[in-house]
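Working notes, structure below.
The values are calculated or read from the model by the stated rules, or taken from the named source; none is laboratory data. Since we're looking at a predicted model, the values are computed, not measured. As a convention, Cβ positions derive from the backbone with ideal geometry for all residues, glycine included, and neighbour counts pool all protein chains shown.
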Amino acid sequence: MLDNPLRKFECDGTILGFSKLIISDENYVYKYLFNKSNWPNAEAGVELLKEFDPDFYVDMYRTDNYLCYITNKIDFIESHKVRTLIPYKDTVCAHLALYKQFGSFVTKRDLCPSNILFRKSDHRPFLIDWDQIEYFKTNEECYKFYRVELCCNYFWHQRYRYTQEQCEEAFDMEWEKLQ
């Protein structure tokens with residue numbers, strides 16, 4: 001287990017999010033979850049992360065007061081530059097890699113623009129925020145989830161300056177390739 005950055009937070013920590021406590025140091029990002037009722041779902045989500053991107057995942061541990069999972073820190077492209085560097089289609093493909101990996105049974109939730117980072121050096125995508133998962137009973141239910149998350153979310157339209165129809169067309173082309 002890595003040294004607990006909560007101990008030194010007062011001196012040199014940086015808050016990266018508001019819904020949970022997210023702290024980074026030079027090499028890692030630590031996400032602390034305090035609501036115990038969410039821990040089983042979060043642990044299942046982090047297990048998906050571990051399988052999906054083992055080079056990004058570092059560790060997960062639980063104390064009596066919090067659950068913490070740790071990922072490597074990514075030197076990422078600032079969100080306002082993504083539109084000009086990364087085509088929307090590539091963003092859809094990065095998210096649909098979840099479908100390739102886990103099929104129509106389970107995926108991470110919250111597939112919004114703020115939860116995908118692209119590394120500056122090679123534009124490799126990293127999906128973040130793995131503490132919520134979604135289960136599906138059918139392939140159709142899975143398709144609808146991904147389509148709504150990746151096409152109907154206003155933030156995708158805002159980031160890429162696409163209409164919903166343009167998002168749907170790009171998504172449907174990429175989804176069809178996986179069938």
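This table checks each residue for (1) under 27 Å from Y57 (Cβ atoms); (2) surrounded by 12 or more Cβ atoms within 10 Å (Cβ to Cβ).
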| position | (1), (2) |
| --- | --- |
| D110 | yes, yes |
| S121 | yes, no |
| P125 | yes, yes |
| I133 | yes, yes |
| H157 | no, yes |
| R161 | no, no |
Failed criterion for K31 (all others in (1) more than 18 Å from N115 (Cβ to Cβ); (2) touching a Gly at 6+ places or on another chain (Cβ under 8 Å) hold) = (1)
If you take the residues in the stretch 63-97 that are in contact with a strand residue (DSSP E or B) (Cβ under 8 Å, 6 or more places away or on another chain) and of a type in the set (F, W, Y), which one is farthest from L111 (Cα to Cα)?
-> Y66
Hey, can you tell me all the residues within the stretch 78-104 that are part of a loop (DSSP other than H, G, I, E, B) and either closer than 19 Å to C151 by Cα or modelled with pLDDT of 95 or more (or both)?
-> I86, P87, S104
In the stretch 31-55, residues that are of a type in the set (S, T, Y) and in a helix (DSSP H, G or I) total 1
List, please: which pairs have Cβ atoms under 6 Å, are six or more places apart or on different chains, and start with a residue in the stretch 65-79 that is within 23 Å of Q132 (Cα to Cα) and end with one that is surrounded by 19 or more Cβ atoms within 10 Å (Cβ to Cβ) and among the small types (G, A, S)?
-> L67/A42
Filtering the stretch 60-80 down to residues that are over 29 Å from S37 (Cβ atoms) and loosely packed, with under 12 Cβ neighbours inside 10 Å yields D75, E78, H80
Does D110 satisfy the condition of being assigned to a helix (DSSP H, G or I) and closer than 28 Å to E141 by Cα?
-> no
Restricting attention to the stretch 87-96, and to residues there that are buried (at least 16 other Cβ atoms within 10 Å of the Cβ) and in contact with a helix residue (DSSP H, G or I) (Cβ under 9 Å, 6 or more places away or on another chain), which single residue is farthest from A42 (Cα to Cα)?
-> Y88
Take the stretch 42-59 and flag every residue that is surrounded by 15 or more Cβ atoms within 10 Å (Cβ to Cβ) and in contact (Cβ under 8 Å) with a residue 24 or more places away in the chain.
-> A42, E43, A44, G45, V46, L48, L49, F52, D53, F56, V58
